[in-house]
Amino acid sequence: MSIHVYETPEELAETAAREFADKAGKAIEERGRFTVVLAGGSTPEATYGILASDYADRIDWSRVYVFFGDERPVPPDHDDSNHRMASEMLLDHVPVANVHRMRGELAPEAAAEAYEEELRTFFRTEEVPRFDLILLGIGADGHTASLFPETAALEVSDRWVVANPVLKLDTARITLTVPVINAALAVYFLVAGEDKAATLREILESDADPRAYPARLIQPQSGPEWMLDQAAASALS
Ligand code: 6PG
């Protein structure tokens with residue numbers, strides 16, 4: 001695990017975009033394609049925007065295959081849709097090879113099954129797929145992707161994608177499961193803002209129960225990389 005702290009959210013976004021481009025270049029050179037999972041929420045918007053503008057000609061987008069870590073149960077053009085945010089900020093502006101979105105307009109269980117099937121077809125394997133890069137955020141409650149505290153999805157080890165009922169939000173989300181995230185070659189957490197500071201301390205510097213702070217379950221072999229702004233890092237020792 002490594003932790004990097006940047007002065008401002010802008011500097012965090014600049015660095016995340018540069019790292020993304022670097023990973024893409026290496027994956028394309030070594031394996032001919034780059035498979036990346038995008039995060040939702042508001043934090044990565046700035047990174048996506050920089051990729052769309054400053055990296056439009058610096059990444060071979062035709063070899064980039066885009067996936068999502070989670071989705072809300074809404075159609076793709078809905079304000080709450082992670083796909084919509086990623087499209088507006090990035091995917092509408094660069095010629096990626098393919099966008100594999102979670103179908104939030106379906107019943108969550110059906111959407112999860114469909115996405116798992118899509119992953120099986122894409123990766124042509126029964127083994128847990130290994131994405132080149134997974135981007136994640138955290139919520140102030142310690143969730144990541146749509147792995148919320150004390151929810152059923154945290155325990156799932158035999159599925160790649162599940163519908164996860166989240167009682168406190170009175171909804172169900174579609175989310176990748178822990179084994180899929182942990183199988184990735186690289187996992188970056190992008191975290192900005194003071195409202196994440198106390199939670200981040202629990203995640204990174206306590207032995208809190210991972211069921212209460214699901215981001216603690218994310219332990220890929222390469223160790224997650226944490227990219228924080230000063231405000232998010234302000235409660236760390
Ligand atoms: C989502 C996410 C989620 C997000 C965090 C942080 O769809 O909500 O993918 O895990 O990364 O909630 O969200 P913010 O960046 O908006 O704080």
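The values are calculated or read from the model by the stated rules, or taken from the named source; none is laboratory data. All values derive from a computational prediction rather than experimental measurement. Don't worry about glycine lacking a Cβ; one is built from the backbone with ideal geometry, like all the others, and counts go over all protein chains shown. These accessible areas exclude ligands, DNA and RNA; they are computed on the full protein's heavy atoms, side chains included. Shrake-Rupley method; radii C 1.70, N 1.55, O 1.52, S 1.80 Å.
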inquiry  = From the P(r) of the range 1-108, could you give the percentage of C-alpha pairs in the tail past 22 Å?
reply    = 32
query = Of the trypsin sites (Lys or Arg not before Pro) in the range 139-184, which ones lie in a loop per DSSP and count no more than 16 other C-beta atoms within 10 Å?
reply = ARG159
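Find the Cα radius of gyration of the range 72-135, compare it with 2.2 N^0.38 Å by division, and give the number to two decimals.
Working: Rg = 12.9 Å, N = 64, 2.2 N^0.38 = 10.7 Å.
Relative to the 2.2 N^0.38 Å estimate, the range 72-135 comes out at 1.20.
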query = Cα centroid distance between the range 151-189 and the range 7-67, in Å?
reply = 23
message = Can you pull out the GluC sites (Glu not before Pro) in the range 4-55 whose DSSP state is coil and whose Cβ has at most 15 other Cβ atoms within 10 Å?
response = GLU7
remark   = Excluding ligands, DNA and RNA, the carbon-plus-sulfur percentage of the accessible area of the range 51-143 with a 1.4 Å probe reads 44
Set of lysines with alpha-carbon distance to LYS168 below 23 Å, sequence-local pairs under 8 removed = LYS196
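Rounded to the nearest 20 debye, what is the charge dipole size of the range 110-165 about its Cα centre when +1 sits on each Lys and Arg Cβ and -1 on each Asp and Glu Cβ?
On the way: 4 positive and 11 negative charges, 31 e Å.
Result for the range 110-165 is approximately 160 debye, rounded to the nearest 20.
So what is the accessible area of the chain per residue, in Å², with the probe set to 1.4 Å?
Value returned for the chain: 44 Å² of accessible area per residue.
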note = At q = 0.12, 0.15, 0.16, 0.18 Å⁻¹, the log10 of I(q)/I(0) for the chain from a Debye sum over equal Cα scatterers comes to -0.61, -1.01, -1.17, -1.52
task = Kindly provide the GluC sites (Glu not before Pro) of the range 137-237 that DSSP labels as loop, not H, G, I, E or B, and whose Cβ sees at most 14 other Cβ atoms within 10 Å.
result = GLU150
